[in-house]
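Presented below is the structure to which this report refers.
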Amino acid sequence: MNQLGFPILSLMMALPLAGALASLFSSAAASRMIALAVTLVDLLLGVVLWLNFDQGLSAPQWQFTEYAPIFGRFAWAMGIDGIALLLIVLTVFLMPICILASWEAISKRVNEYMAAFLLMETMMIGVFTAQDLFLFYIFFEAGLIPMYLIIGIWGGANRIYASYKFFLYTLLGSVLMLIAMLWMARDANSTYIPTLMQHSFDPKVQIWLWLAFFASFAVKMPMWPVHTWLPDAHVQAPTAGSVILAGVMLKMGGYGFLRFSLPMFPEASVYFAWLVFALSMIAVVYTSLVALVQQDMKKLIAYSSVAHMAIVTVGLFAFNEAGLEGAMMVMLGHGITASALFLCVGVIYDRLHTREIDRYGGLAVNMPQYAMIFLLFTMASIGLPGTGNFVGEFLSLMGVYEASSWVALVSTTGIIFGAAYMLYLYRRVCYGDLTKEDVKAMPDLNLREWAILAPMAAVILWMGVYPESFLKPMRADIHMIVERMASAKPEGDAQLTAGVPQASAAHGSHENEDAHSSNHETAGEAH
């Protein structure tokens, strides 16, 4: 039994699942209340998780662990480290906001809509808590189903095309990952993720395993050129669907790199760092330029998400603590900021039923409260000091600069382009003359909309003013990954042309052990 004395992780997954079943057999009004109540309870449990998580450097890496054998090697194995903790808290924070955002916007098949969101919450928490390889895969893939339904049933005019494209892109990438998982389980004689993170896979085999996982995580993030499903999915999804897609589901790719690619395949990660850097640099420049010419607000923010995720990938493959901590902070900051921007678009879409930028203008005159909060999230997206995104981008680019000054130089242009397209968007929507009669008639934010946006604004500022509260829980886990990568990582710009190390170097990379390693070994032996 874990330190709380009850299986809190299983409870956090069971509550939304039970709420989804209850929603299906309730009235529309009751299903809204059930969904809001369940997501708020899960948020409280997330706070309990955060407050009881031992953040000391000597603390065990895996906490709140649960284990129950099911059949063969397959087991209900749950547990979290600091990285998973932060992503779970992000998930449970955004879910009640999504329910409130859908309160009036969704009027058809409300029961099924709320049930789909609650089911998705269960799957997303499962991804971040699973400690069994195939349990992770089940949750990773099952989360596609409710999102597919949300886009396909409650989306826009081209929702069927967007939902199929979303599903097929993400599913096809994961088939290769499943094949790699089967090989890993046979080679290591275990499906326990903490054990696999300490296992020494042959460097030559690592290349193929890394590519198989990369096929899945690159689509999920998404990386250029497999990003094309994202703008379509965002544009067609309802507002709350875009929030979860940008806020949590994209982060599963980054989580996958941190949990699997870097610690399990360190030599292959170094070997392919040039590939990740190249794709990321193209993404930063290309998608930023594409965002600059968009006429649809949602599509602009969707392309900006691809550029921000490119900053995450260059930070991850810098293989140093600044880069990895920065990548995590960008994921958290982007999760809040992009979600808030989609909600801001949803606010005015509910009033005018169009996302075309040129249909607006002068909103600062008749919607000053909206203009103020929208400006805060615009500045946060750009990376203004004092917001969470600044901390993440600064750390990530500082880490990348240690690995390659050229990659850091190109990646930094993303911040410049980001300022261009976000300020251009804000000027066209909120400034200028208020001449359109239907825009003049739009009312300012109501109480429900303030209840949605104000907490997100507070978190963005909290992350910018006191980032240590977010960095501290993950610091020990980031340090372990860096130690794991230590002997496989070349110095400076040589990382761009690194080859595959010899097998002897692979075994040498595991000599540096952290204080947490004994916990890994104990857990693996127990399994």
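Could you pull out the pairs from Lys298/Lys472; Lys165/Lys436; Lys251/Lys440; Lys220/Lys436; Lys298/Lys436 whose alpha carbons sit more than 29 Å apart here? Table pairs above 29 Å Cα-Cα are Lys298/Lys472; Lys165/Lys436; Lys251/Lys440; Lys220/Lys436. Taking amide hydrogens as placed 1.01 Å from N in the peptide plane, the amide H of Glu66 sits under 5 Å from those of Met78, Gly79, each at least 5 positions away in sequence or on another chain. All Cα-Cα distances of segment 76-125, cut into 5 Å bins from zero to the largest, leave 4, 18, 25, 20, 14, 9, 6, 4 percent in each bin in turn.
For segment 267-373, a Kirkwood hydrodynamic radius built from all Cα pairs, placed in the Stokes-Einstein relation at 37 °C and 0.692 mPa s, yields a translational diffusion coefficient of 210 µm²/s. Ranked by the mean number of other Cβ atoms within 10 Å of their residues, highest first, the peptides 307-313, 144-150, 450-456 fall in the order 307-313, 144-150, 450-456. Eigenvalues of the alpha-carbon gyration tensor of segment 391-471, scaled by 5 and square-rooted, set the equivalent ellipsoid semi-axes at 35, 22, 6 angstrom, largest first. Highest mean packing comes first when the peptides 252-260, 74-82 are listed by Cβ atoms within 10 Å, giving 252-260, 74-82.
Can you bin segment 116-199 into rounded, prolate or oblate? Criterion: square roots of the alpha carbon gyration tensor eigenvalues sorted a ≥ b ≥ c, rounded for a/c under 1.5, prolate for a/b above b/c, oblate for the rest. Judged from the Cα gyration tensor, segment 116-199 comes out oblate (a/c at least 1.5, b/c at or above a/b).
Amide H to amide H distances under 5 Å link Phe317 with no residue, where only residues 5 or more positions off or on other chains count and H is placed in the peptide plane. Computed over the Cα atoms of segment 19-165, pair by distinct pair, the Kirkwood hydrodynamic radius stands at 16.6 angstrom. For Tyr169, neighbours were defined as the other residues whose beta-carbon sits under 11 Å from its Cβ, and their charges (Lys and Arg +1, Asp and Glu -1) total +1.
Ligands, DNA and RNA are left out, and with a 1.4 angstrom probe the accessible area of segment 1-111 is 42 Å² per residue. Summing +1 for each Lys or Arg and -1 for each Asp or Glu among the other residues whose beta-carbon sits under 13 angstrom from that of Pro231 gives +2. Relative to the longest principal axis of the Cα atoms of the chain, helix 321-352 runs at roughly 20 degrees. Checking the a/c ratio against 1.5 first, then a/b against b/c, what shape does the Cα gyration tensor give for segment 1-94? Here segment 1-94 falls in the oblate category.
Note on segment 91-158: Cα Rg divided by 2.2 N^0.38 Å, N the number of residues, gives 1.20. Using C-alpha pairs under 8 Å with a sequence gap of at least 6, the mean separation divided by the residue count of the chain gives a relative contact order of 17 percent.
I'd like the distance between the alpha-carbon centres of segment 372-449 and segment 167-194, rounded to an integer number of Å. Between the Cα centre of segment 372-449 and that of segment 167-194, the gap is 37 Å.
Computed on the Cα atoms alone, the convex hull of segment 428-477 gives a volume of 131 cubic angstrom per residue. Relative to the longest principal axis of the Cα atoms of the chain, the long axis of helix 8-24 lies at roughly 40 degrees. With all protein chains kept in place, the per residue accessible area of segment 198-316 amounts to 20 square angstrom at a probe of 1.4 angstrom. Rounded to whole Å, give me the distance from the Cα center of segment 247-277 to that of segment 297-313. Answer, in whole Å: 18. Between helix 368-382 and the chain there is an angle of about 30 degrees, using the helix long axis and the longest principal axis of the Cα atoms.
Lys436 sits among other residues whose Cβ lies under 14 Å from its own Cβ, and their net charge, with Lys and Arg +1 and Asp and Glu -1, is -1.
Excluding the sites themselves, what is the longest stretch of the chain that contains no GluC sites (Glu not before Pro) in a DSSP loop with at most 16 other C-beta atoms within 10 Å? With GluC sites (Glu not before Pro) excluded where exposed in loops, the chain gives 105-490 as its longest stretch. With an a/c value of 1.5 or above and a/b not larger than b/c for the gyration tensor axes a ≥ b ≥ c computed over the alpha-carbon atoms, segment 361-437 is described as oblate. Rounded to two decimals, what is Rg over Rh for segment 181-298 when you use alpha-carbon atoms and the Kirkwood radius? Radius of gyration over Kirkwood radius for segment 181-298 works out to 1.06. Grab the DSSP H runs of the chain that are 4 residues or longer, score each as -39,500 (n - 2.57), total them, divide by all residues and round the 222 nm result to the nearest 500 deg cm²/dmol. Only helices count here, giving -23000 deg cm²/dmol. Solvent-accessible area of segment 142-257 (1.4 angstrom probe, protein heavy atoms only): carbon and sulfur portion equals 69 percent.
The values are calculated or read from the model by the stated rules, or taken from the named source; none is laboratory data. As the structure is a prediction and not an experimental result, all values here were calculated from the model. All Cβ positions, glycine included, derive from the backbone under ideal geometry; neighbour counts span all protein chains shown. Protein only, heavy atoms only, side chains kept; ligands, DNA and RNA dropped before computing areas. Shrake-Rupley method; radii C 1.70, N 1.55, O 1.52, S 1.80 Å.
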